[in-house]
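Asks: Pasting in a structure now, in structure tokens, and then I'll have a few things to ask.
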Amino acid sequence: RARAGESLLMLPAIGDRIRDALVGAMTSDPDPTVRAELWDLLTWGRHNLSERLEDAEAIADEIAHYARSCTPPGLKALSLMRRLDHTDVLPELACPDLERRRQAAYQLARSWNFRRGDIPQDLLDEVVDGLLRDADPLLRAHGVGAVQRFGLPHFHHRLRAMQETETDSWVQHELSWCLGRKPLNPWDVPVAGAEQGYNDEPPF
């Protein structure tokens with residue numbers, strides 16, 4: 001549905017009827033990610049829009065409220081609108097549902113919403129330690145990603161030990177990437193994510 005909205009914006013002429021339909025979907029779609037993606041399209045005046053969305057930040061706050069009210073919460077929507085906080089992610093990491101934990105770990109390790117100091121260091125260390133110990137290889141991979149994402153060299157000895165025992169190829173790839181390069185802090189190098197080949201989708 002979000003892609004359909006983007007397609008409408010590629011039409012040669014965009015009248016009030018199309019704009020009204022997009023605004024309506026942005027405020028009523030049951031999927032918070034669809035709402036957030038349409039908000040993003042309408043806010044930044046992409047494609048053939050003649051004017052940007054009015055009250056964009058207030059609307060984003062409303063979508064964020066909706067995203068947090070959903071089960072599971074719309075972490076991707078919150079990330080897209082720069083409304084994601086560690087208080088959204090950390091409870092999901094404790095969820096018994098594996099896919100929800102994977103989504104939360106992905107946001108922790110890959111989202112650009114978090115900056116140094118946003119998460120108390122002792123809490124961040126505890127979370128990363130749990131991910132590195134997890135039985136699920138994808139969660140371990142995201143744990144390695146978090147070590148690099150937040151610049152946590154005190155975990156490097158742990159990662160070197162994991163290289164000797166880890167059997168999952170994806171985790172080994174993350175370990176090699178993290179230990180084979182000098183970690184880049186994304187808050188110091190804004191384009192680091194693009195240079196390192198990150199994207200906005202989990203690898204599952």
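Per-residue answers, yes or no, for (1) assigned to a helix (DSSP H, G or I); (2) crowded, with 21+ Cβ neighbours inside 10 Å; (3) modelled with pLDDT of 95 or more:
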| residue | (1), (2), (3) |
| --- | --- |
| Asp40 | yes, no, no |
| Gly45 | no, no, no |
| Glu57 | yes, no, no |
| Asp61 | yes, no, yes |
| Asp88 | yes, no, yes |
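Asks: On to the next question. Do any helices (runs of 4 or more DSSP H) lying entirely in segment 100-171 carry at least 3 residues that are more than 23 Å from Gly74 (Cα to Cα) and either open to solvent by 20 Å² or more (accessible area, probe 1.4 Å) or in contact with a strand residue (DSSP E or B) (Cβ under 6 Å, 6 or more places away or on another chain) (or both), and which ones are they?
Replies: 121-133, 156-165
The values are calculated or read from the model by the stated rules, or taken from the named source; none is laboratory data. Just so it is clear, the structure is predicted and the values come from calculations on it, not from any experiment. A quick note on method: Cβ atoms are made from the backbone with ideal geometry, for glycine too, and the neighbour counts reach across all protein chains shown. These accessible areas exclude ligands, DNA and RNA; they are computed on the full protein's heavy atoms, side chains included. Shrake-Rupley method; radii C 1.70, N 1.55, O 1.52, S 1.80 Å.
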